[in-house]
Every structure is written in structure tokens, then in C-alpha cells.
Amino acid sequence: MQAVEPPRELDGPPGNPLDLLRHRPFLLLWLVQTLSQTGQNMVNFSLLILVRGIVERHAIGQLNTAIGLTVLSFTLPAVLFSPLAGVVADRFNRRTILVLTNALRGVAVGGLLLIEARWSAYLALAVLYAITFVSGAVGQFFGPALASTLPDVAPRRQIIQANALFNLTFTASQLVGFAAAGPLLVKLFGIHTVLSGIIVIFALCALVSLALPPSCPPARAFPNARRLVAQVLGEIREGVHFILASPHLAKAIAYLTIAMATYLMVAVLGPGYVTVVLGLPAEDIAYLVAPAGIGVVLGTVLVPHVAGRLGSVRTTDCALALGGALLLGLALVGWSAEGGPNGVGSAETLVAAGLTGLLGIVNGMILAPGQSLLQAGSPEHVRGRVYATFFTVSNSVAFVPVFFSGALADLFGISEVLGGIGLLLLVIGCWQLLAGLRRG
């Protein structure tokens, strides 16, 4: 197996990040990301409201488990389809993939409009999980195509700034879709009107995708079914071998996997933390999501300067350890809040909001350096498979803890599970820091 050289350093002055938005190909891709992720976060909030409404309407209990199954039905397709999605991103026009995946996700959202209140709880949840699974399956083809296109439309010397801007947009889409527009529009117009608006957003995203420059994958004859399967498996193995030959890529994928798994587990536990622990209405989850979003903005601004001093690897090690300590802090706040008067103005809520803001900062300190390492170390011909392997590994690792975090929270308590996750991350981060110090 041929040795893989470390990714080249991105030397040279990075320039003004706003200059990226004057570069038309990058601007178009950024608009695709903005529209798509805003729509997807509105879908995520709508799923929360739909699941909570079904559980409360039929008084079946186990809210955390029901939400955990929703997250699971969205992440499971990554285990099943991400390897194929990476091969597709490397073999076909990525612009076409972006158009089709956004259009199909709009159709999937339309399926949520078919769920009726008169249905039994288990039928309604089964249909919701099925639609979420289909939407998640389509999304697996969107992710590698989007990520693989970014290095082609951004100047190389600004690749870190491009990733930072994408992370910033990801956070803004959460604030707009999940914490602002989603809750506000549901209160004003109702869930069905919001779902109809999301369909329009995905349609606009598909139209903008049409204006992207096409990718030009090498021409390959389309084989018969047996040869196609063999080629797909061979290309998947090639992508895995490429990653294993590069310690830089392997470590970046490991860090991003831990960050994604933690994010998904906190997403499962977050609604219950807001409603059960802090005593706030479900619609007031913005009191925690908004500080987290502001924190990611700060982290995105600070990460080039911090990584320039500490290096990308040590920056992510420190951020991982700090993230674990902050989750432990949220657990302590939860134990303090239990049995006491809570609300928007309570001390526990204010402290929790501050901790989630700091969590947003450390999240930005992990994502941008890790993604830049993936892109810088992946040649164009294998980049889609590298990302597909990352999505497969991350979602496979997150599969079990995401499911059991909700079930364990129903059994033992939300704060206890958050504390356990925080302790694990703190130990891993400190261990990596000590290992780095021993290596010098």
C-alpha cells in the first residue's frame, strides 16, 4: 500500500473571509448550504414538536426514548448508505446530486403533512420514523457532495476560512431554523404551515444548486449489476485504506466522530433538560440553543488564531477536554435545579445558558480544524469516499449511545447521563493532551 504524505500546510496570508462571498462559485455553494441547513433545522424542530404532540396526546410517556428513536431513524441511514454516497460523489456530477437530494428532501417533508391527529400513537410514530429515515437516507448523498465541492470552489489559501464560514453558517442555520424561525413560526402559524414553508425552502435550494459549476468526474463505463457491486465495494475499500495510511486523516475522523456523537446525544437529551430539569416550555429551548450558537460564532472567529498558536491537534485536544468539563457543569446545574423553582430568570437557567455558550465555543474549536485536515489531506479523486467513510464511522459509533442515552435518561435521569458523557470526554481529552506532551 502506497504511503500517504501528510496534508500540505495551508501557507500564505488567508485574506479577508468576506472575500470568499465575492467569489461566485463559493457564494453559490454557500447559499445552497444556507438554504438547505436552515430548512433541515426547521425540520428538526418540527419533528420535536410532532413527537412531543403525539406522546402527550396519547399519554404514552417515555419522551426521551421517543425523541431518541427519531434521532436514530435519521442517523441510521448513514451507516447503511454513506459508503455508497461517497462512491456516488466521486463518480457523478456533484451539482446533480445536490439538486436531486434537496428536491427529494422537500418531497419527504411533504410526507409529514400526511400524519393526522386521529391516528393511533404507534401508527403516527411509525410513519414519522419512516419519513425521517427516508429523509436521512437522501441526506447522506447530500453531505459528501457538498463537502467534496467546497475545496473546488474556495481558494486554497482560504480553505480554513471557508470551513470556518461554513461552520458559522451551520450555527446561524441552527439559530434561525431551530431556535428562532422554527419556534416563532410554529407559534404564529402552526406546524402544517411551517412544514409547507420548508418544502419551498428545499425547492429554492435545488434551484440555486442548478447554478453551481458542474464537477467533471472521470468518464467510466457503467458496468452490469454484479460488476457495479464489485466496483463499489472496491472503491469503498480504497477509501478506507487511504484513510488508514494517513494518521492525520484517521485522527481527524476520530475527533470529528466524537464531536458528532456528543452533539447527537445532547440533541436527544436537550428537550428533556429544558422541560424537565429547567422547567421551561419546549418552545423556550432557544434560551439554550441561542447561547450555544453565539458560542460557535465566537469559536469560529477565534479558531484560526488559537490553532495558529497551539496547532490544530492540540487545539482539538484542549477543546475536547473543556467540552467534557462543561457537560459535567450542566449536570451539576441539573442536580441543583431539581426540586427548586425554575424559569427563564432562575439562576440555574442563566448558568446553563452560559455553559452552553462555552460549549459552542469549544465545538467550533473541534469542527473547523478537523474538517480542514480532512479536506487538505484528501485528493479530489478520493475525497468523496473519505467523507463518506467519516459519516459512516461517526454515525456507526453514535448509533448505540444515541439510542441508549434517551433510554438511560428515562431510567436514571437526564443530568446523570450528561454527567457520564462529560466525564468520558474529559478523560479522553486529557489523555490525548498528555500523550501529545510525551511526544513533545
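Table for the structure above
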read-out	value
Distance histogram in 5 Å bins (all Cα pairs of region 138-214, percent per bin)	3, 12, 15, 22, 20, 13, 8, 4, 1, 0
Cα-Cα separations in region 49-103 greater than 16 Å, expressed as whole percent	60
Kirkwood Rh and Cα Rg combined as Rg/Rh, region 108-171	1.25
Semi-axes of the equivalent ellipsoid for region 51-187, Cα gyration tensor, largest first, Å	32, 19, 13
Heavy-atom SASA rank of R94, R157, R118, R439 (probe 1.4 Å, accessible area, largest first)	R118, R439, R157, R94
Accessible surface, 1.4 Å probe, highest first, among residues M260, M265	M260, M265
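The values are calculated or read from the model by the stated rules, or taken from the named source; none is laboratory data. No experiment lies behind these values; they were computed from the predicted model shown. Areas reflect the complete protein model, heavy atoms only, side chains present, ligands, DNA and RNA absent. Shrake-Rupley method; radii C 1.70, N 1.55, O 1.52, S 1.80 Å.
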